[in-house]
Every structure is written in C-alpha cells, then in structure tokens.
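To keep things clear, I will list the structure first and then write my remarks on it.
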Amino acid sequence: MLRYTLSRMLGLIPTLILVALISFFLIHLTPGDPAAVMLGVEATPERVANLRADMGLDQPLTVQFKDWVSSALQGDLGNSFFLGRPVAEALVERLPATFSLAVAALLVAVIIGVPAGIIAAARQNSVFDGSVMVIALLGISVPSFWLGLLLILIFSVGLGWFPTGGYVPISEGFVQHVKYLVLPAVSLGFMQAALIARMTRASMLEVIRKDYITTARSKGQSEFVVVTKHALKNIAISVLTVVGMAFGILLGGAVIVETVFAYPGVGRLVVQAVTRRDYPLIQGALLMIASIYVIVNLVVDLLYPLFDPRIKYE
Amino acid sequence: MRILDEREKLLEIRNLKTYFYTEEGVLKAVDGVDLLLHSGETLGLVGESGCGKSVTSMSIMRLLPSPPGKIVDGKILFKGRDLAQLSQKEMRKLRGNDISMIFQEPMTSLNPVFTIGNQISEAILLHKDVTKREARRQSIEMLKKVGIPSPEKRIDDYPHQLSGGMRQRAMIALALSCDPQLLIADEPTTALDVTIQAQILELMNDLKKSYNMSIMLITHDLGVVAETCDTVAVMYAGKIVEYTDAKGLFGNPSHPYTWGLMNSIPRLDQNIEKLHTIAGVVPNPLDFPEGCKYNTRCPIADDKCLQQEAELQEIRKGHKVRCWHYERLEQLKKVH
C-alpha cells in the first residue's frame, strides 16, 4: 500500500511538468504584454522595453521557462507583476475562501445528488424519476454564472435573505461565513449535483438487477435495507469517483461564479491575473489547481479498497 | 422439531397465471400451472430456458419485478395460506425463514462487498431474536454443516476469496440458516463443474433429510432430476405438459416433448452417429401458436393439435400428460 502510494505520487510528476509546460506556452502565446498593461497607453516604447527587461521578458521563452521551472522546483513561484509580492503567498491567502466554497458546493452536490439518484433508480420510470432526470438535464445545461445571477435576483435582491456577494472568513463567525457561502455554493454545486445524480442513478439501475440483490430480498430483507445496504455499497466506488472529480473541479476554482459573487477566492485572482497578463501569477495558480486536482483523484483511488474488498493495492 | 405427517401438503399451486405486461404485448410466462409438493419431498420443475420455471419460483417468493410482472390468477397455498394474497410485509416474514432460495450463479448471488458471515448473520438476525454474537456462532455452525473447512476463518472471507463450489455451499448455508420448510433451488448446479455438481446435490439431499424440508428444484438437466427428485413436472411454454413421479417419467415419458428431451441426452450404451435434437426453437412467448404450443416442433402433431390444446389428463395413476396423442407416441418409441 505504501509502495503503491509512493509510486503513484512519482507518477504525478510528469503530469505536473506537462501542465507547467502547456500553461507556460499558452500564456505566452496569447497576445498582450504585461509591461504595456502596467504603463498604460501613454507609455513610450523605451519605457516599455526597459520594464520588459526588468521583468526578464526580453529573454527567449525557453530561458524564461527554464528559470521559472528551476525556481518552482525550489518552491519559489516568483513574484506577481502587479501585486508586488510572492505568488505563493497570494495564492495561499486566497485558498481558505476557495476551500470553503468548494466544500460547501460539494456538500450541496452530494446531499442533493446522491439521494436523488438513488430514489430515482429505486422508482425507475416514476414521476419522481422523470422529474429528477429533467432537473438534472437542466442542471448540466444551465451555466452556473447564470444560475448565480438568478439566485442573486431572487434571494438577495428580491427576498433579501442572503448578501449579493462578498466573503466573511470563518474566523469572524460561522453563521456569517455560511450566509455568504450559500448562494455561490448552490450555483456551483447544482451542476455537480446533476452529474452525481445521473451517475448514481445509472450505477444503481445496474446494481439493482444483480442476483445478490434478489438474494438479499429472498432473505426477507426490506426494500429500504436492500437499497441502502446491499446496493449502495456496490455503487460506492462509482459515486466516490464522480464526487472526487467534482471536488477537484470545485477546488480548481469557480472562476466565473467567484467573479459573479465578488468572492475573493483563487478563481477570481486568476481572472484578474489573466486580464493583466500577470504571467507568474497565472502559471503559479494553474500549477496549484492542477496539483490539487491530481492529488484529490489520487486520494480517491487510494480510498477504493475501503469500499470494495476485491481491490487491493500491493 | 416440527411434527409433520409424511404426506402433508406443504405447497399447493392452483391454476397460477403470471403475466408480464410489456410494450409489445402481454407475455404469458406462466399460464395455468398446478403443482403439489408434500413435505419432505423434492419436486423437479424441468424445461428449457424461457418456459416459465423461474417465473413460477419468483411468483412463489413474490419477488417478480412489478411492473411488468403480475400474478393475475391462481392460488399459491403454503401450509394453507395463499401467498398470492399476502402483503409484501407478511411475505418478508416468510422469505428466508419458511421459504428460502438458492440461485444458479454462486459467483453473482452473493454480495461481493460483504463478508460471508455478514450475509448469513443478516438472515439470522432478521428472523430470529438473537444477539449478533449468537448469529455469528450460528453462521459458523451453518458453514460447518455445509462442509466448508475451517468455518471460523472462512466466515470473514469475502465471496471472491472462495471457489465456485464453496460459494454455492455458503449460499446454501445462508438459505438454510433459518431452518426453512421449503427450499427453492433455481438451477443450483448448472454453473458448477460436474464433480462439484455431484457434491452439491448430495449435500442438498443430506440436508433435506436432516432438516425434513421440501425442495423445489428448477433445472433443465434431466440427470439432476433423476438423482434427486421424487416427482417431476415438465414445463413447456408456460404450461405443465407432463407431471409424474421420477420413475414414471424416465420409465415411460408420455409427452412428445419429454420424450424428445430424453432422446437428446447422449448415451454411452448406444452407438449413434449423431445426437438427437428437438426440431425448431421455443416459440416466442408473445406469439405462441394456436392449439397445442408444442405443435411447431412435435413429430406427431396433426390438425387437432393445430386447433385445440389438450387438457392435462391422467393417463395412468399419478401420471398426467397434456397431449392428444400420447398413445401414438408409443409407436414412435418402438421405431427409435
């Protein structure tokens, strides 16, 4: 198990190098120049050139990449052009807010998605099943920022139940913290809830036809226990996999939703960094998001044996 | 210890009709079946896939997928109580307790993510008022009875850690854990290799005697029937076509279908070039032929068979056949 974990972790390194490479060149291929953005339209070409030299942007791309990777390997993600402080520091500062939002959105997704999928499968072709499927289709189709705006319109502007946006750290009171979280978490979690519900339903429908389910019924077990014990543990792995992916995506930044709710998370930082062409910050953020995603998925893989005794990592 | 008369009626099925209401039409999977099973007896229900034998057993257990399956008519009298009329709640008290079931595929009939012990104890805890510890003790006891070596270790194994034969033994332990009076065995040996088959059949026979229970054995294998059954019902297209004791069936098959089945068994004592087969295929249940349902494949069918289906009639004591021309079959037998 330990050896397996270590080898899997080593396997993450090429993935992350690839992420670094792609994000680096993609950013530099997009038109726009941070020096020009900083100095504004009035700046003379000399001043721009000087600033570019200061930032090291006059070097060939390969040299810039090499420099960035070698310092990144030492834990230094460089300094942000615009914030004037280390990238790592800026990212770490934003992480708690994003983490809160991701966890809240995941809770929404799991609490709605899993039971909805289970009940829909247990009552296949019923009105409930039909409704869940239609709502799930909506959930997947509706863009989360639009849902966010709609929720703001109804619950903030209309009913005044929740603030229109912003963030209160958990240290300044749990209730306030949650109040600011509800709407962004719902708009983010809804789509994931839809995905989880569809996945849960599909796995459940497959499992519920298995012989061992008939065996459980033939023991005299109630339908409730048949579904929640015998079937549920058998679909746990598929559900866990989508939940893990959902969590990775949610942690990776709810870029647009954070902007809609003026929520100070990593996603909003990335949007700002992109508009200002803040190369070190974009690269650092993308690397962090990718790392979180692959680590979450690794953890999910390592959890499999807990749910299925047939899976063993030697 | 239950005190039961040797010939006490345990299960009596009268005119059972189980239909499936599908989009393509009504599928008459079981269409007027009568069966009688005395306590301590083994009844064989024989037929090809799709003849309605498994639907009959699922009707008794009231575990039909509903919709589309539905018992539309008939009585299933278990110790005088009509199971067809019971609520699911009442049925749950009977299932696993008075009536148990084992299935064809020991690979898939045990839940892969729970230990054997968990699955056997579950049944015991459901029907007996015992502690978890006692349920576990009884589970180990059951595993010992079905011949699983070192049961106190095996009880914590998962199904994938056991071989096919051991799994079927574990399944039998599970089914018998609450001392049922009726065991429905749906093709219990079909998925096992031949040596294991014999062991499992022997085990079932032994347990039947020591538990004084009845077995309803569903199979397509006439060899299995010969080894275990007291009475046999042959099913074809949702109906019973021949119903007699095992001796009568093998000594004197009187329905052309039964006769065809027996001729299809390879025999070592005869030198034949090619194995006999029954011509044609089982008719589509949504589109059964008019008259006798076997008329599309029967070597002796005539106009009468195309128009009208025969009743199940007693042609000699304890031997019922659904055929107009069972006498004509005798002549055919002489030719072969």
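Taking the Cα atoms only, what angle lies between the long axis of helix B:326-335 and the longest principal axis of chain B, rounded to 10 degrees? Compared with the principal axis, the helix lies near 80 degrees. For the peptides B:318-325, B:278-285, residues were scored by their other Cβ atoms within 10 Å and the scores averaged per peptide; the highest-first order is B:318-325, B:278-285. Treating r as the C-beta distance of A:Phe25 and A:Ile154 and R0 as 60 Å, the FRET efficiency rounds to 0.90. A Cβ-based charge dipole, computed about the Cα centre of chain B with Lys and Arg at +1 and Asp and Glu at -1, lands at about 780 debye.
Label point of A:Val299 set 7 angstrom out along Cα-Cβ; within the stretch A:93-128, amide nitrogens under 19 Å from it belong to A:93-111. Here the calculated FRET efficiency for B:Asp245 and A:Glu206, from their Cβ-Cβ distance with R0 = 41 Å, stands at 0.40, rounded to the nearest 0.05. Cross-link reach is defined here as a Cα-Cα straight distance under 18 Å, omitting same-chain residues fewer than 8 places apart; for B:Lys153 the lysines meeting it are B:Lys132, B:Lys144, B:Lys145. Quantify how much of the Cα-Cα distance distribution of chain B extends past 34 Å, in percent. The share of Cα pairs beyond 34 Å in chain B comes to 28 percent. The H on the amide N of B:Ile215, modeled in the peptide plane, is under 5 Å from the matching H of B:Glu41, B:Thr42, B:Leu43, B:Leu183, each at least 5 residues off or on a different chain. For the protein assembly as shown, taking a cut-off of 4.7 Å between Cβ atoms, the unpaired cysteines are B:Cys51, B:Cys178, B:Cys229, B:Cys298, B:Cys323.
Summing +1 for each Lys or Arg and -1 for each Asp or Glu among the other residues whose beta-carbon sits under 14 angstrom from that of B:Ile200 gives -4. With R₀ fixed at 51 Å, the C-beta to C-beta distance from B:Leu306 to B:Met91 puts the FRET efficiency at about 0.80. Straight-line cross-link reach from B:Lys208 at under 13 Å between alpha-carbon atoms covers these aspartates and glutamates, not counting any fewer than eight positions away in the same chain: B:Glu41, B:Asp179, B:Asp230. What angle do you read, to the nearest 10 degrees and between 0 and 90, between the alpha-carbon axis of helix A:232-251 and the longest principal axis of chain A? Between helix and principal axis, roughly 20 degrees. When restricted to Cα atoms, the stretch B:1-76 yields an Rg and a Dmax of 14.1, 50 Å, respectively. Taking the inverse of the mean 1/r over every pair of distinct Cα atoms in the stretch B:178-336 gives a Kirkwood hydrodynamic radius of 17.4 Å. Between the residues A:Met199, A:Leu106, A:Ser291, the greatest Cα displacement towards the positive end of the dipole of the stretch A:93-307, with unit charges on the Cβ of Lys, Arg, Asp and Glu, is found for A:Met199. With both labels modelled 7 Å from their Cα along Cα-to-Cβ, the B:Asp193 to A:Val92 distance reads 6.3 nm.
Given +1 at the Cβ of Lys and Arg, -1 at the Cβ of Asp and Glu and no other charges, the dipole of the stretch B:123-171 around its Cα centre is 60 debye to the nearest 20. With helices as the sole contributors, chain A gives -24000 deg cm²/dmol at 222 nm; each DSSP H run of n ≥ 4 counts as -39500 (n - 2.57), and the sum is divided by every residue. Under a model in which nothing but the beta-carbon of Lys, Arg (+1) and Asp, Glu (-1) is charged, the stretch A:2-73 shows a dipole of about 560 debye around its Cα centre.
For the stretch A:156-255, the equivalent ellipsoid derived from the Cα gyration tensor has semi-axes of 39, 15, 12 Å, listed largest first. The alpha carbon centroids of the stretch A:232-275 and the stretch B:274-299 are separated by 61 Å.
Around the amide H of B:Leu36, modelled in the peptide plane, lie the amide H atoms of B:Ile13, all under 5 Å away and 5 or more residues distant in sequence or on another chain.
Against chain B, whose longest principal axis comes from its Cα atoms, helix B:194-211 is set at around 70 degrees. Partner lysines whose Cα lies under 27 Å from the Cα of B:Lys334, excluding those fewer than 8 positions away in the same chain, are identified as B:Lys247, B:Lys274, B:Lys293, B:Lys304, B:Lys317, B:Lys320.
Extending 7 Å from the Cα toward the beta-carbon at both B:Glu24 and B:Lys333 defines two label points whose distance is 3.7 nm.
Express the C-alpha Rg of the stretch A:2-73 as a ratio against the empirical globular expectation 2.2 N^0.38 Å, rounded to two decimals.
Details: Rg = 17.4 Å, N = 72, 2.2 N^0.38 = 11.2 Å.
Taking the Cα Rg and dividing by 2.2 N^0.38 Å, one obtains 1.56.
If you take the Cα centroid of the stretch B:108-177 and the Cα centroid of the stretch A:16-69, the two points sit 68 Å apart. Here the alpha carbons of the protein assembly as shown define both size measures, Rg and Dmax, at 34.8, 116 Å.
Summing +1 for each Lys or Arg and -1 for each Asp or Glu among the other residues whose beta-carbon sits under 14 angstrom from that of A:Met55 gives -1.
Spin-label model, A:Lys66 to A:Ile17: label points 7 Å out along the Cα-to-beta-carbon direction sit 1.6 nm apart.
Dipole of the stretch A:2-73 computed with +1 at Lys/Arg Cβ and -1 at Asp/Glu Cβ about the Cα centre; of A:Leu2, A:Leu61, A:Leu16, farthest Cα towards the positive end is A:Leu2.
Every number here is computed from the coordinates shown, using simple stated rules; none is lab data. Bear in mind the structure is a predicted one, so any value in this text is a computation, not a measurement. FYI the Cβ positions are ideal-geometry reconstructions off the backbone, even for glycines, and counts take in every protein chain you see.
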